[in-house]
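Here, each number is a calculation from the coordinates, and none is a lab measurement. None of the values given here were measured: they were computed from a predicted structure. Note that we place each Cβ from the backbone using ideal geometry, even for glycine, and neighbour counts take in every protein chain shown.
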Ligand code: CA2
């Protein structure tokens, strides 16, 4: 069995995690999340590539380049969740199993955060568990790919 390779994408402003507004998004930095994801990946026997960008097109480029290199995508699209047809189209085009994660429970927040352009083309969405959403999401994605 060849090692699964998972692409982890973080959307805009997530580079500020732990550095700004800890009362909303917590004290954990993006580096902490990526380090823990690497640990979880080792336990699961998969490899990971993590990428953050504040630019929609850069995220679209990563998704397009994932074809043939990655078996699945774990994504926190951040604000692009609620705005980006471009990210959704790219994910639909590569057709790789995708799990959407959010730190906060977007359904408990402002109405404009309740809608996700990504959710209808994702395997599933995990939100509201802080950084734990990512680790749960990774496990769910790997289990989903292995069960196919
Ligand atoms: O809860 C999530 O993970 C979100 O994807 C976070 C996005 C927000 O737009 C989504 O509705 C839900 C915002 C990420 C901004 O991250 C910051 C971190 C620290 C300081 C400021 C922003």
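Select from 19, 87, 59 the residue whose mean-square fluctuation is largest in a Gaussian network model of the chain (Cα-Cα springs shorter than 10 Å).
Comparing 19, 87, 59 in the GNM, the peak value goes to 19.
Given the options 20, 88, 109, which has the most mean-square fluctuation in a GNM of the chain, springs set between C-alpha atoms less than 10 angstrom apart?
Per the Cα network of the chain with a 10 Å cutoff, 109 tops the list.
Sort largest first and round to whole Å: the equivalent ellipsoid semi-axes of the chain, each the square root of five times a Cα gyration tensor eigenvalue.
22, 18, 14
Run the numbers on the chain and let me know its relative contact order in percent, using alpha-carbon pairs under 8 Å that are six or more apart.
Numbers: 263 pairs, mean separation 38.7, N = 148.
Relative contact order here is 26 percent.
With springs only between Cα atoms under 10 Å apart, run a GNM on the chain and tell me which of 21, 40, 110 wobbles the most.
Highest fluctuation among the options: 110.
Pop the C-beta distance of residue 132 and residue 82 into the FRET formula with R0 = 25 Å and round what comes out to the nearest 0.05.
Once the sixth-power term is evaluated, E becomes 0.70.
At 0.36 nm per residue, minus the direct Cα-Cα distance, what do residue 55 and residue 111 gain on full extension? Give it in nm, one decimal, please.
17.8 nm
Above 21 Å lies some portion of the pair distances; for the range 62-148, what is it as a whole percent of all C-alpha pairs?
So the portion of pairs separated by more than 21 Å is 26 percent.
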